[in-house]
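See structure below.
The values are calculated or read from the model by the stated rules, or taken from the named source; none is laboratory data. Only a predicted model underlies this, so the values are computations on that prediction, with no experimental measurement involved. Note that we place each Cβ from the backbone using ideal geometry, even for glycine, and neighbour counts take in every protein chain shown. Ligands, DNA and RNA are stripped out before the accessible areas are found, and what is left, the full protein with its side chains, is counted by its heavy atoms. Shrake-Rupley method; radii C 1.70, N 1.55, O 1.52, S 1.80 Å.
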Amino acid sequence: MARIAGVNIPTNKRVLVALQYIHGIGPAKAREICDKVHIPDDRRVAQLSDAEVLQIRETIDRDYMVEGDLRREVAMNIKRLMDLGCYRGLRHRRQLPVRGQRTHTNARTRKGKAKPIAGKKK
């Protein structure tokens, strides 16, 4: 099992798909990495040599922000908005949708399970 950026990559999948298990790498970046390291699309992780895995690891470390660093940066950006007290920061602070979605109905993913209001009978 190959370990890249602190993540165990599944060995039976194609390299393009396996790289997407790393937080911060999607389909486009996975293809970009494979092109830089000159790995064909149909290659599986189990078929990679140690040198190729090392090349992939070095490319990701050098050119991309992934996993812990990326999570930390996103958290710091959200914290900065909250400290500023701007509208987006207030929405984050109250755990409401940030991007203009309606909250009268829906928004349950962000707001959590519906809370019953006491004394609302009749």
Inset, instruction - With springs connecting C-alpha atoms under 10 Å apart, model the chain as a Gaussian network and identify which of Arg31, Arg99, Arg72 has the largest mean-square fluctuation. - result: Arg99
Legend entry - C-alpha long axis of helix 50-63 to longest principal axis of the chain, angle in °: 40
Inset, instruction - Post the alpha-carbon centroid distance, region 84-103 to region 14-45, in whole angstrom. - result: 35
Legend entry - Rounded accessible area per residue of region 1-115, 1.4 Å, Å²: 70
Inset, instruction - Summarise the accessible area of region 3-97 (1.4 Å probe, protein heavy atoms) by the percent that is carbon and sulfur. - result: 50
Legend entry - Relative contact order (percent, whole number), the chain, Cα cutoff 8 Å, 6+ residue spacing: 18
Inset, instruction - Compute the acute angle (0 to 90°) between the alpha-carbon long axis of helix 27-37 and the principal axis of greatest extent of the alpha-carbon atoms of the chain; round to the nearest 10°. - result: 20
Inset, instruction - For Val98 paired with Tyr21, estimate the spin-label separation in nm (one decimal), with each label point 7 Å from Cα along the Cα-to-Cβ line. - result: 2.9
Inset, instruction - For region 1-40, give the magnitude of the charge dipole about the Cα centre (Cβ charges: +1 Lys/Arg, -1 Asp/Glu; no others), in debye to the nearest 20. - result: 60
Inset, instruction - Specify which residue in the list Gly89, Ala107, Leu48 is farthest towards the positive end of the charge dipole of the chain, using unit charges on the beta carbon of Lys, Arg (+1) and Asp, Glu (-1), about the Cα centre. - result: Ala107
Inset, instruction - Rounding to the nearest 20 debye, state how big the charge dipole of the chain is about its Cα centre with +1 on each Lys and Arg Cβ and -1 on each Asp and Glu Cβ. - result: 1840
Legend entry - Cα convex hull of the chain - mean projected area over all directions, nm²: 11.8
Legend entry - Distance (nanometres) between label positions extended 7 Å along Cα→Cβ at Arg80 and Asn12: 4.4
Inset, instruction - Subtract the Cα-Cα distance of Lys115 and Met1 from 0.36 nm times their separation in residues, and report this length gain in nm to one decimal. - result: 36.5 nm
